[in-house]
Amino acid sequence: MLSFMDWSVVALGCALVLASLGGWWWERTKVQKGANPDQGRRFFAAWLPLLMGMELIGAKVPHLLHAPYPVVMIVDALNFALIVTVAVLAFRMLRGRGLRTLG
């Protein structure tokens with residue numbers, strides 16, 4: 001049962017990555033048709049699911065594939081860098097827009 005739950009987290013990460021790529025493609029076709037979406041929100045909406053999906057995949061796959069310890073440590077360090085990157089992007093978006101425009 002635990003292995004199924006771990007693989008479901010990996011599947012969720014893959015779904016986030018695919019949703020991000022699909023959203024990027026959708027926005028790209030809208031821009032080509034002449035729409036003028038909000039650049040900051042579009043950038044954040046495209047990168048946040050991609051980075052979070054990559055973090056979910058990287059957190060579980062090495063353990064599930066019984067990777068050697070150095071590989072697991074390298075992937076965990078990269079995951080930490082992804083978490084910091086997402087936090088910085090979120091902070092910059094909130095600071096730049098203010099809390100009133102999000103609600």
The one condition in (1) open to solvent by less than 70 Å² (accessible area, probe 1.4 Å); (2) part of a helix (DSSP H, G or I); (3) at pLDDT 90 or above that residue 70 fails to fulfil: (1)
Residue 24 vs. criteria at pLDDT 80 or above, open to solvent by 70 Å² or more (accessible area, probe 1.4 Å) and under 18 Å from residue 89 (Cα atoms): yes
Subset of the range 52-67 [surrounded by 14 or more Cβ atoms within 10 Å (Cβ to Cβ) and in a helix (DSSP H, G or I)]: 52, 53, 54, 55, 56, 57, 58, 59, 60, 61, 62
Residue in the range 27-46 that is modelled with the lowest pLDDT, counting only those that are open to solvent by less than 50 Å² (accessible area, probe 1.4 Å) and under 25 Å from residue 81 (Cβ atoms): 40
The one condition in (1) at pLDDT 90 or above; (2) open to solvent by less than 60 Å² (accessible area, probe 1.4 Å) that residue 49 fails to fulfil: (1)
Residue pairs meeting the criteria (Cβ under 8 Å; at least 6 apart or on separate chains; first within 13 Å of residue 53 (Cα to Cα), in the range 1-23; second among the aromatic types (Phe, Trp, Tyr)): 20/47
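The values are calculated or read from the model by the stated rules, or taken from the named source; none is laboratory data. These numbers come from a predicted model, not from an experiment. Cβ: placed from backbone, ideal geometry, glycine included. Neighbour counts: every protein chain shown. When the accessible area is computed, the model is the full protein with side chains, heavy atoms only, and any ligands, DNA or RNA have been set aside. Shrake-Rupley method; radii C 1.70, N 1.55, O 1.52, S 1.80 Å.
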